[in-house]
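Chemist: Please read through the structure below; I'll follow up with questions.
The values are calculated or read from the model by the stated rules, or taken from the named source; none is laboratory data. Keep in mind that what you see is a predicted model, and the values were worked out from it rather than measured. So basically every Cβ, Gly included, is an ideal-geometry build from the backbone, and we count neighbours across all protein chains shown. We work out accessible area using only protein heavy atoms, side chains counted, and drop any ligands, DNA or RNA first. Shrake-Rupley method; radii C 1.70, N 1.55, O 1.52, S 1.80 Å.
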Amino acid sequence: MQFIDLATQQARVRDKIDARIKNVLDHGQYILGPELIEFEKNLAQYTGTSFATTCASGTDAILMALMACGIGPGDAVITTPFTFVATAEVISLAGAVPVFVDVDIETMNIDPESLEKTIEAFKSGDSSNCALPQGYQDLTLKAVLPVDLFGLPADYDAITSIADKHDLLVIEDAAQSFGGEYKGKKACGFGVIGCTSFFPAKPLGCYGDGGAIFTNDEKILETLESIRVHGQGLVNKYENVRIGLNSRFDTLQAAIMLPKLEIFPEEFEMRQNAANKYEELLKDSVTLQKIPADCRSAWAQYSFVLKTTAQRTKTQAALKDKNIPSAVYYQIPLHLQKAYSFLDYKQGDFPASEELSQKIMSIPMHPYIKPEDQELVAETIKESLE
Ligand SMILES: *Cc1c(COP(=O)(O)O)cnc(C)c1O
């Protein structure tokens with residue numbers, strides 16, 4: 001059994017991909033070619049945003065979003081410690097400092113109540129009841145960067161109203177949630193800029209690295225298009241109007257993605273069906289990630305929480321015995337990572353993130369998973385709990 005099966009999907013669209021690749025080889029516009037323009041148009045349409053700008057990775061997508069918002073040295077950006085390291089890494093790469101806020105233990109996404117508490121502590125300079133990073137007094141809070149963990153959009157109504165009240169921008173890390181929905185609206189469309197990843201294992205993956213940035217603001221679009229080509233001028237491309245990057249998505253990758261995006265809406269429903277089946281099989285045995293009634297997850301991962309770390313070790317071993325892969329996202333919350341030791345956070349600062357990191361695990365999930373495989377996974381998990 002595979003954790004994510006990319007081959008079955010490829011078999012469905014292989015002919016179209018081959019034809020699209022051949023087209024690119026024939027016309028030879030490898031950088032920012034016509035397939036890329038077409039793909040960006042389709043991405044914006046699917047997510048219900050005005051503009052999509054592709055780039056070299058999900059990591060660059062968030063970095064470019066921060067750059068486009070003018071976030072840099074002296075600034076602080078709020079995010080969750082229970083995420084992939086890239087979320088915080090780009091805040092540092094932009095020259096700013098991450099400020100962590102704990103997650104809600106049930107949804108595993110940033111907790112709006114803790115968000116408000118942290119902003120108030122930050123602004124009042126009183127960290128007696130709220131963990132804040134070393135040196136925060138010298139920083140200006142600029143933005144909130146929520147993560148849509150495992151495909152579930154964060155609570156954007158609550159987050160946006162808190163952010164608005166405190167004059168903070170919201171930038172969405174939708175690396176895992178392409179396709180996901182919050183109150184009828186698609187992921188990538190929240191805040192001032194949404195960012196996603198096309199890493200092969202993400203809900204919409206390419207055959208390499210890639211990402212995209214979504215916005216409804218034409219000025220931001222122009223800035224992003226300049227940033228991804230070394231900060232080139234809008235009128236004269238030989239003029240460099242800002243410090244930028246080389247961060248483009250290949251025309252060849254766009255050619256591969258056009259047929260993949262076509263079947264994505266169907267695959268999104270297939271993932272949901274698989275998630276429904278897992279829920280039915282597992283809901284009485286483990287604590288599943290809570291999906292609020294008005295949300296739909298893109299199911300980048302199917303994750304649940306066990307009672308103890310020892311139980312997780314036992315369950316993972318039982319799965320491995322039957323050649324069933326499993327994974328732990330995330331073993332070490334970011335505030336306890338060596339790379340972030342300079343922020344001086346400590347064990348106990350973010351109890352929900354710490355508890356999740358000790359007890360969570362993820363099992364095989366993709367649109368093509370067979371019901372009988374899901375039954376075997378669930379049976380094996382349940383046996384390991386006895
Ligand atoms: C994958 C991921 C990223 C980074 O995407 P890449 O395309 O791998 O650079 C950022 N944030 C989260 C939450 C991710 O899961």
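Chemist: Please state which one of 117, 123 is open to solvent by 60 Å² or more (accessible area, probe 1.4 Å) and touching a residue at least 40 places away in the same chain (Cβ under 8 Å).
Modeler: Details: 117 fails: touching a residue at least 40 places away in the same chain (Cβ under 8 Å).
Result of the check over 117, 123: 123.
Chemist: Among 326, 285, which is the only one that is in contact (Cβ under 8 Å) with a residue 12 or more places away in the chain, under 22 Å from residue 147 (Cβ atoms) and not aromatic (Phe, Trp, Tyr)? Walk me through it before giving the result.
Modeler: Working: 285 fails: under 22 Å from residue 147 (Cβ atoms).
326 is the lone residue from the list that is in contact (Cβ under 8 Å) with a residue 12 or more places away in the chain, under 22 Å from residue 147 (Cβ atoms) and not aromatic (Phe, Trp, Tyr).
Chemist: Quick one: is residue 140 touching a Gly at 6+ places or on another chain (Cβ under 7 Å) and within 16 Å of the ligand (Cβ to nearest atom)? Give the derivation first.
Modeler: On the way: touching a Gly at 6+ places or on another chain (Cβ under 7 Å): yes; within 16 Å of the ligand (Cβ to nearest atom): no.
So residue 140 fails the test.
Chemist: Would you check which residues across segment 78-121 are hydroxyl-bearing (Ser, Thr, Tyr) and within 11 Å of the ligand (Cβ to nearest atom) and list them? It would help to see each step written out before you state the result.
Modeler: First pass over segment 78-121, keeping only residues hydroxyl-bearing (Ser, Thr, Tyr): 79-80, 83, 87, 92, 107, 114, 118.
Once the filter is applied, which keeps residues that are hydroxyl-bearing (Ser, Thr, Tyr) and within 11 Å of the ligand (Cβ to nearest atom), segment 78-121 yields 79, 80, 83, 87.
Rundown of residues vs (1) more than 25 Å from residue 204 (Cβ to Cβ); (2) hydroxyl-bearing (Ser, Thr, Tyr); (3) surrounded by 19 or more Cβ atoms within 10 Å (Cβ to Cβ), yes/no style:
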| residue | (1), (2), (3) |
| --- | --- |
| 290 | no, no, no |
| 307 | yes, no, no |
| 313 | yes, yes, no |
| 333 | yes, no, yes |
| 362 | no, yes, no |
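Chemist: Output the residues belonging to segment 53-77 that are open to solvent by less than 10 Å² (accessible area, probe 1.4 Å), within 15 Å of the ligand (Cβ to nearest atom) and not in a helix (DSSP H, G or I).
Modeler: The answer is 53, 54, 55, 77.
Chemist: Identify, from the list 129, 216, the residue that is over 17 Å from residue 109 (Cβ atoms), at pLDDT below 95, surrounded by fewer than 24 Cβ atoms within 10 Å (Cβ to Cβ) and of a type outside the set (Val, Ile, Thr).
Modeler: Working: 216 fails: at pLDDT below 95.
From the options 129, 216, the qualifying one is 129.
Chemist: When residues of segment 13-52 are filtered for being open to solvent by 40 Å² or more (accessible area, probe 1.4 Å) and part of a helix (DSSP H, G or I), how many remain?
Modeler: We begin by selecting, within segment 13-52, every residue open to solvent by 40 Å² or more (accessible area, probe 1.4 Å); these are 14-16, 18-23, 25-27, 29-32, 34, 37-38, 41-42, 45-46, 48, 50-51.
Narrowing further to those that are part of a helix (DSSP H, G or I): 14-16, 18-23, 25-27, 34, 37-38, 41-42, 45-46.
Going through segment 13-52 one residue at a time, the tally reaches 19.
Chemist: A further question follows. Considering only segment 179-202, state which residues are at negative phi, assigned to a loop (DSSP other than H, G, I, E, B), away from the ligand (no atom under 11 Å from the Cβ) and not aliphatic (A, V, I, L, M). Quick ask: steps written out before the conclusion?
Modeler: Going through segment 179-202, the residues at negative phi turn out to be 180-182, 185-187, 189-190, 192-202.
Of the ones still in play, those that are also assigned to a loop (DSSP other than H, G, I, E, B) are 180, 187, 189-190, 192, 198-202.
Those left that are additionally away from the ligand (no atom under 11 Å from the Cβ): 180, 187, 189-190, 192.
Answer for segment 179-202, where residues must be at negative phi, assigned to a loop (DSSP other than H, G, I, E, B), away from the ligand (no atom under 11 Å from the Cβ) and not aliphatic (A, V, I, L, M): 180, 189, 190.
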